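Working notes, beginning with the structure itself.
The values are calculated or read from the model by the stated rules, or taken from the named source; none is laboratory data. Keep in mind the model is a prediction, meaning the values are calculated, not measured. A quick note on method: Cβ atoms are made from the backbone with ideal geometry, for glycine too, and the neighbour counts reach across all protein chains shown. Keep in mind that these areas ignore ligands, DNA and RNA; they rest on the heavy atoms of the full protein, side chains included. Shrake-Rupley method; radii C 1.70, N 1.55, O 1.52, S 1.80 Å.
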Amino acid sequence: MKKLMLKAEEALLGAMLHRPEALASMRWIPPGTFSRPDYAALWQTLHSIDFSKVAKNDIPAAVTAAVAKIEEPGIRQTLTPSRLSVLANASVCPNPKTAPLYGGMVLEAAIHRAVEHAGEALRDTARQAEVDQALKALEQADRTGQRLAQLDAAWKTAPETVRNLLDTTPEQEVTPVPRTERARVDIQAEGETVASLLYEPRQLREVGPLQEKDFSHPQLAVAYRAMRTLDERHAPIDPLTVAWEAQRHPGPNLSDQVLAELQDAGMGGTAAYTAERVLHTAALDRLDAAGHDLRSYARHPALAPSALVGHAEQALEPVTADRERIRHAEREVELASADTEPALAGPATEPHAHEMEMDL
């Protein structure tokens, strides 16, 4: 795709060198649309020339003179008269009158690059953020959504005839390439959360935002779901009832070994703290997954601009949901703190349960 992208950019520039009078109708393509700085500089330079005062035979000389005024020496050295002559060659620009379509192709490629860059930025944030800074990290998804809206608006500035030709529907459903591994996981916090809840089930009311999908360990996810189900039925919660309920749900069986480890490690009063870590870790991992999907979609040539933006927006939806869950949880904590009288300072205690080792 990169090779075709450069060909489209060169064809567009060649078309303008052949027919500079068409530049006025091509202002919907900003210089930043080009992938190379010399091509972007040439595009900007062409728009700075008043070709209505330039004779047809004097166009090459006028362009050369304008290029000589570019401040960046490296770009000036790249845009030599011979290079400009090559761009104007028929082998580079098959048909100058097709410039609007070439322009649409250049803009489409730029949108793909922008979505790919946004995906990479999300992944970097997801992998580098501290767990207690998850909410701030998730806010980048908001900025990415705004960027997608800008890209969609930029595409809609293209002539309708161009969009009708390029904005085609894929013949087959496009799905992102699966991730090979999770970016963030905290098995320790997951195990401590379930063990603490099993030891003191009344804590379930304190971990409301936590969902089964937040667990990376499949057996811990099954155990948590079983406890939630029992709690909703107002049924007793103990190792036996949890194991019995767990077998009714799809997923792996809750092994005797995992159940024994949960019983041995149980400690009351810690579930809210460790559950928050589980939720934040899972949210950061889904942020990474969203970035992965954006990058995967951006690299798929079958997705035209509108479809690409639509797929990218859908990929961000789980992150938006996570952000709202965490915000809601923090608001509830603030309200609870406001309604509680300050307690006397007591002896320092370790805020989490005993360490556990969970088999994956």
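Taking 7 Å steps out from each Cα toward its Cβ at ALA24 and GLU317 produces label points 4.6 nm apart. When only alpha carbons are used to place a centre, the range 64-93 and the range 252-293 end up 59 Å from one another. Put a dot 7 Å past the Cα of GLN77, heading toward its Cβ, do the same for GLN263, and the two dots end up 7.6 nm apart. For the chain, the longest principal axis of the C-alpha atoms and the axis of helix 187-199 are separated by about 30°. For the range 1-91, the solvent-accessible area with a 1.4 angstrom probe is 54 square angstrom per residue. Between THR125, ALA11, ALA189, the Cα set farthest toward the positive side of the dipole of the chain (charges on each charged residue's Cβ, about the Cα centre) is that of ALA11.
Its Cα centre serving as origin, the chain has a Cβ charge dipole (Lys and Arg +1, Asp and Glu -1) of approximately 2640 debye. The gain in end-to-end length when the LYS7 to ASP142 segment is fully stretched comes to 45.2 nm, 0.36 nm per residue minus the alpha carbon separation.
Between ARG179 and GLU120, the contour length at 0.36 nm per residue exceeds the Cα-Cα span by 19.9 nm.
According to the calculation over all Cα-Cα pairs in the range 71-192, the P(r) per 10 Å bin from zero is 9, 23, 27, 22, 13, 4, 1 %.
Positive end of the dipole of the chain (Cβ unit charges, origin at the Cα centre): among ALA62, LEU46, GLN77, the Cα lying farthest that way belongs to ALA62. Relative to the longest principal axis of the Cα atoms of the chain, helix 218-232 runs at roughly 60 degrees. In angstrom, the C-alpha Rg and Dmax of the range 175-248 are 13.6, 43. Exactly which trypsin sites (Lys or Arg not before Pro) in the range 1-86 are in a DSSP loop and have at most 10 other Cβ atoms within 10 Å? Qualifying residues, ordered by number: ARG27, LYS69.
Measuring r between the beta carbons of ASN89 and GLU160 and using R0 = 41 Å, the FRET efficiency lands at 0.85. Along its three principal directions, the equivalent ellipsoid of the chain from the Cα gyration tensor extends over semi-axes of 59, 20, 16 Å, largest first. The modelled label-to-label distance for the pair GLN128/THR241, using points 7 Å beyond Cα in the direction of Cβ, is 4.8 nm. Ligands, DNA and RNA left out, the 1.4 Å accessible surface of the chain is 52% carbon and sulfur atoms. The separation of the range 184-230 from the range 102-123, counted between C-alpha centres, amounts to 40 Å.
Considering only ARG123, ARG205, ARG295, give the residue with the highest GNM mean-square fluctuation for the chain, with springs between Cα atoms whenever their separation is below 10 Å. Comparing ARG123, ARG205, ARG295 in a Gaussian network model of the chain, the most mobile one is ARG205. Based on protein heavy atoms only, the range 152-212 ends up with 60 Å² per residue of surface accessible to a 1.4 Å probe. The angle between the Cα long axis of helix 305-338 and the main principal axis of the chain comes to about 40°, on a 0 to 90 degree scale.
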